[in-house]
Amino acid sequence: MTHDSDNAPADIAWLRQLAEENGTGPMRGASILLAAGLIYGVTSLIHWAHMTGLILAQYAAAGMEWLIATGVFLVVCVTLILRLRRAEGVRTAAQRAIGTIWSGVGWGIFALFAAMFVVSARIGVDQNSTMFWLIPSIILAFYGMGWGVTATMMKSRPLGLLAVASFIAAPAVGLFAGSAAIYLAYAAALFLLMAVPGFLLMRQAKSA
């Protein structure tokens, strides 16, 4: 019995589809999570130093450090995305879902900040300062959703624990609302729940 060589391309395409739909593989894009955790974690420390007077106002205008951090992160993010695309191989369905959820998390946070800017411009910051103290908790809740989907798609219990930890950290950080200490707590959460896992997942992807 001979194999029809004309079917070889179809066979290869079928095997590729199986790999894409059923494979899991290492997480791609963990370097972006590492960058987000480091950049915004350091920025949170800078904001804490500003609030406590360790950095004088003329060196860190209130809120400007976050805008600068976002600009830096966007540059880093675009650079990492282009690098990932150049090295792109087979992407599984799980990897596509993970990429989609983290992209959604990023856009959701951006929409949140845009909405808060509009609200503060409309009613004034002093009329509803509570919403600004909620920002760290809301962002950590977003991260919890991202880790939850990632854990499900990768069938990873440790990542599931990260999701749980993020959800717990959201109200825990809120306990420090009204004081500069909230930004120390937020920085710790960003380092432990984003930067460190991102670094470990990046190393895992390189060794795979």
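Going through ALA69, ALA62 one at a time, which residue ends up being surrounded by 12 or more Cβ atoms within 10 Å (Cβ to Cβ) and either at negative phi or modelled with pLDDT under 90 (or both)? Even if it seems obvious, please write down each step before you answer.
Numbers: ALA62 fails: surrounded by 12 or more Cβ atoms within 10 Å (Cβ to Cβ).
From the options ALA69, ALA62, the qualifying one is ALA69.
Is it the case that ARG203 is in contact with a helix residue (DSSP H, G or I) (Cβ under 8 Å, 6 or more places away or on another chain), free of Cβ contacts under 8 Å to residues at least 12 places away in the same chain and surrounded by fewer than 16 Cβ atoms within 10 Å (Cβ to Cβ)?
no
Go through the stretch 106-125 and give me each residue that's farther than 21 Å from VAL76 by Cβ and either among the hydroxyl-bearing types (Ser, Thr, Tyr) or surrounded by 15 or more Cβ atoms within 10 Å (Cβ to Cβ) (or both).
Correct list: MET116, SER120.
State which residue is nearest to the chain's Cα centre (by Cα) when the search covers only the stretch 46-55 and only residues that are in contact (Cβ under 8 Å) with a residue 24 or more places away in the chain and buried (at least 19 other Cβ atoms within 10 Å of the Cβ).
HIS47
So that you can scan it fast, the table gives a plain yes or no per residue for (1) over 12 Å from the mean Cα position of the chain (by Cα); (2) of a type in the set (A, V, I, L, M, F, W, C):
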| site | (1), (2) |
| --- | --- |
| TRP147 | no, yes |
| PRO158 | yes, no |
| PHE167 | yes, yes |
| PRO171 | yes, no |
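Within the stretch 164-179, is there a residue that is more than 28 Å from MET51 (Cβ to Cβ) and in contact with a helix residue (DSSP H, G or I) (Cβ under 9 Å, 6 or more places away or on another chain)?
Narrowing the stretch 164-179 to residues more than 28 Å from MET51 (Cβ to Cβ): 164.
If we keep only those that are in contact with a helix residue (DSSP H, G or I) (Cβ under 9 Å, 6 or more places away or on another chain) as well, we get 164.
Yes, there is a match, as at least one residue in the stretch 164-179 is more than 28 Å from MET51 (Cβ to Cβ) and in contact with a helix residue (DSSP H, G or I) (Cβ under 9 Å, 6 or more places away or on another chain).
Starting from the stretch 172-187, keep only residues that are on the phi > 0 side of the Ramachandran plot and in contact (Cβ under 8 Å) with a residue 24 or more places away in the chain, then list their pairs with residues that are in a helix (DSSP H, G or I) and small (Gly, Ala, Ser) whose Cβ atoms are within a distance under 7 Å, requiring at least 6 positions of separation or different chains.
Close Cβ pairs (under 7 Å, with a partner that is in a helix (DSSP H, G or I) and small (Gly, Ala, Ser)) do not exist here.
Considering each of ALA195, ALA151, ALA121, ALA187 in turn, give the residue that is at pLDDT 90 or above and over 17 Å from THR70 (Cβ atoms). First the steps, then the outcome.
Details: ALA195 fails: over 17 Å from THR70 (Cβ atoms); ALA121 fails: at pLDDT 90 or above; ALA187 fails: over 17 Å from THR70 (Cβ atoms).
After applying the criteria, what remains is ALA151.
Hey, which of the helices (runs of 4 or more DSSP H) in the stretch 120-208, taking only ones fully inside, have at least 3 residues that are over 18 Å from THR43 (Cβ atoms) and aliphatic (A, V, I, L, M)?
It comes to 130-154, 157-174, 196-207.
The values are calculated or read from the model by the stated rules, or taken from the named source; none is laboratory data. The structure displayed is predicted, hence computed values, not measured ones. With ideal geometry, Cβ positions are generated from the backbone for all residues, glycine too; neighbour counts draw on all protein chains shown.
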